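Below is one structure, written out as structure tokens; comments come after it.
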Amino acid sequence: MGNRRSFLKTSGILLAASALPLSSFMIPQRKSKLGVALVGLGYYSKDILAPALQLTKYCELRGIVTGSPEKIPVWQKKYKIPDANVYNYENMHTIADNDDIDIVYIVLPNSLHKPYSIIGAEAGKHVWCEKPMAMNVSECEAIIQACNKNKVQLTIGYRLQHEPVTQTIIKWSQTKPYGTINSLYAEAGFYNRASDHNNWKLHKTLGGGAMYDMGVYPLNAVRYATGLEPISVSATHEYTRPNVFIADEITHFNLEFPNGITAQCKTSFAENINTMKVDCANGWYKAEPLQYYNGVSVLGSDGQKVSPFQGNQQAKQMDDDALAIMNKTAPIVPGEEGFKDIKVVEAIYKSAAQNGKRIPIA
Ligand code: NAD
């Protein structure tokens, strides 16, 4: 089934055998592009990832997994996806037999990241899993274990860690151009109209709520900006539309880091907010917007500017991750990075359930 490109590994060598020098037999042939199957064809797959996969150099869209039959002909026509590369959630495990697909990219509601990441790993496919990695620490551990057991790479879709302006912020956590960091403020959110009451993003059991959706951005940002792990958190939820949001609408969380560094963070489904400010001994710098798909930029207290990246964030992310698979090198955002955020998210929910009690993070 689906051996369109496997000739690179097998028949290509056989056909050309007489023409090749002996050394060619010893060098494993490498695919020039890895095949990606998008699992879940909602907003992020349709509007962002599939178009970005038309710009990638080291991977391409070759398959889909969907529970919506009406989407199949549209995707097949638009992206020339053969019948053999179309799956549903019931038969997704049979992707194991398909050499055309190297990677499954899990772009489902957050509560489904764990089961479908594991199905992908058990099928022997590399797993790219969207943020937030999963609902809790034990789900993250199960995904990591399944990927390790099946010797496949696992990366989390934190696109910003692939984005050059953000990479400058990450570098500054070590080089400290404005001196030691004293405190940070970070926030990300948008006005979620919540017009569809059934949408999974409003419901806690499916992984909805502002914290899972947008809150991981300020959380991840204060972790990458400091290069440190928080030692405690105190959090509270706030609601402007308590009858609409079954999950959190606004979450405030204050983190303590080693060396007395503190971070005040906020996420919201009630307003458009998107910034991080880092206060240091000799000045400050600010990322604004912090996490949009375009235009992330930095301004320092001395007037220094880091201009926005002109490329496509998601294409860069997927090419970086594909290269890590091809070259068997460590990915930029491994599963452990998603796990570290979820450990804090778990403590945030615990603290908020106890009216902001300080929760140590082991
Ligand atoms: P979405 O609701 O638009 O799409 C989810 C898809 O899952 C839909 O096609 C839906 O049909 C399918 N689905 C399968 N089983 C389902 C079930 N039981 N209930 C509901 N839907 C089900 O969501 P989205 O905005 O595309 O988000 C998907 C994932 O991508 C989330 O984890 C989200 O956090 C992540 N995401 C990441 C970014 C980013 O910038 N990295 C941006 C947007 C979304």
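The values are calculated or read from the model by the stated rules, or taken from the named source; none is laboratory data. Values in this document were obtained by computation on a predicted structure and should not be read as measured data. Quick reminder, even Gly has a Cβ in these numbers, built from the backbone with ideal geometry, and neighbours come from all protein chains shown. Areas reflect the complete protein model, heavy atoms only, side chains present, ligands, DNA and RNA absent. Shrake-Rupley method; radii C 1.70, N 1.55, O 1.52, S 1.80 Å.
Give the angle, between 0 and 90 degrees and rounded to the nearest 10, that separates the Cα long axis of helix 335-353 from the longest principal axis of the Cα atoms of the chain.
Result, in degrees: 40.
Given charges of +1 on the Cβ of Lys and Arg and -1 on the Cβ of Asp and Glu, with all other atoms neutral, how large is the dipole of the chain about its Cα centre, in debye to the nearest 20?
Here the size comes out at about 640 debye.
Each residue of the stretch 256-269 in turn: what ³J(HN,Hα) in whole Hz from Karplus with 6.51, -1.76, 1.60 and θ = phi - 60°, glycine and Pro shown as x?
Here the 3J(HN,Hα) series is 10, 10, x, 6, x, 6, 10, 9, 9, 10, 8, 9, 7, 9 Hz.
How far, in degrees from 0 to 90, does helix 313-326 lean away from the longest principal axis of the Cα atoms of the chain, to the nearest 10?
With rounding to tens, the tilt is 50 degrees.
Need the C-alpha centroid separation for the stretch 144-187 versus the stretch 81-140, integer Å.
24 Å
When the helix-only estimate is applied to the chain (DSSP H runs of n ≥ 4, each -39,500 (n - 2.57), divided by the residue count), what is the mean residue ellipticity at 222 nm, nearest 500 deg cm²/dmol?
Helix contribution divided over all residues of the chain: -8000 deg cm²/dmol.
For the chain, calculate the relative contact order in percent as a whole number, restricting contacts to Cα pairs under 8 Å that are 6 or more residues apart.
17 percent
Take every DSSP beta bridge with both residues inside the chain and express the antiparallel ones as a percent of the total, to the nearest 5.
Looking only at bridges with both residues in the chain, the antiparallel portion is about 55 percent.
Expressed as an acute angle from 0 to 90° and rounded to the nearest 10, what is the orientation of the C-alpha long axis of helix 137-149 relative to the principal long axis of the chain?
Tilt of helix 137-149: around 30 degrees.
Compute the accessible area per residue over the stretch 223-319, keeping the other protein chains in place, probe 1.4 Å, unit Å².
With all protein chains present, the stretch 223-319 gives 43 Å² per residue.
In whole percent, how big is the carbon plus sulfur part of the accessible area of the chain, probe 1.4 Å, protein atoms only?
Here it works out to 54 percent.
Would you mind checking the pairs K46/K204; K71/K125; K201/K305; K277/K350; K31/K305 and listing those with alpha carbons more than 30 angstrom apart?
Distance filter (> 30 Å) returns K201/K305; K31/K305.
For the stretch 137-255, just say rounded, prolate or oblate: build the C-alpha gyration tensor, square-root its eigenvalues into a ≥ b ≥ c, call rounded for a/c under 1.5, and beyond that prolate if a/b exceeds b/c, oblate if not.
oblate
With +1 on each Lys and Arg Cβ and -1 on each Asp and Glu Cβ, and nothing else charged, work out how big the dipole of the stretch 34-152 is about its Cα centre, in Debye to the nearest 20.
Taking the Cα centre of the stretch 34-152 as origin, the dipole is about 300 debye.
Between the DSSP loop rule and a limit of at most 15 other Cβ atoms within 10 Å, which trypsin sites (Lys or Arg not before Pro) in the stretch 268-362 are left?
Those satisfying the criteria are K328, K357, R358.
Taking only protein heavy atoms into account and a 1.4 Å probe, give the accessible area per residue of the stretch 34-152 in Å².
That works out to 39 Å² per residue.
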